[in-house]
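The values are calculated or read from the model by the stated rules, or taken from the named source; none is laboratory data. Just so it is clear, the model here is predicted, and its values are computed rather than measured. For neighbour counting, all protein chains shown are included, and Cβ atoms are generated from backbone atoms with ideal geometry for every residue, glycine included. To get the accessible areas, we keep the full protein, side chains included, count just its heavy atoms, and leave off ligands, DNA and RNA. Shrake-Rupley method; radii C 1.70, N 1.55, O 1.52, S 1.80 Å.
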Amino acid sequence: MSLWSAFLDLLFPPRCAFCQALLDRRGDGVCPDCREHLPLADTLLRGPYGRCAVALWYEDMVRQGIHGLKFGGRSSAAQVFAPFLAQAAAEHLAGEFDTVSFVPVSRKRLRQRGYDQARLLAEALAAIWDTRAAPTLEKVRDTAAQSTLSAPEERRANVLGAYRALPGASVEGRRILLVDDVVTTGSTLAAARDALLLAGAASVVCAALAAPRPKKEKT
């Protein structure tokens, strides 16, 4: 370890991206306890968005980690989460896309948060595959947070027409992997996917870091 790295560790001791426990040394950003108990999903879900590869179940330390990424300013967590996302996407959607993109936040949310968590995930994911994530969409109106709405029909109405293809984006004929942090009812992914298909994308498959565990699989 360099002196500079040791100094940084003193000022900003490394913490687990999921539970924020202190880490003994810089590694993959996951503490041993979380590594042992992570609720791995590694599955393919189907819904209004088509098909979506999901890496983790949205519970316990996964929920805590994603909340830190989205609301706690812990943007570096995207680098830790990306390998889980990459593994799920490669396992279930290999060969089905030629472009990695993401579901963007609104301009208002971007100003408030300072970054777009789905973009960070997509960029970290693409870097693992030695490529780049391409912005393809823009959110044309601010919407209520989907997490504040419980009914599926409310969520669908909330994001209806909220996305469109980014002017100048190379979308036509592309097979796109659309990345987001969490998929619940799938209304957001579906609205974004529809916008890409309307703009001429050849196909769109999805990948999300986490999703609620289906009731039949709960333990």
Rounded percent of accessible protein surface that carbon and sulfur make up, the stretch 1-135, 1.4 Å probe: 51
Sparse-neighbourhood loop sites, trypsin sites (Lys or Arg not before Pro) in the stretch 11-98 - DSSP loop, at most 15 other Cβ within 10 angstrom: 25, 26
Whole-number accessible area per residue in Å² for the stretch 16-121, which is evaluated in the context of all protein chains at 1.4 Å: 49
Percent carbon-and-sulfur accessible area, the stretch 157-198, ignoring ligands, DNA and RNA, probe 1.4 Å: 51
Computed E for residue 37/residue 140 - FRET, C-beta separation, R0 35 angstrom, nearest 0.05: 0.30
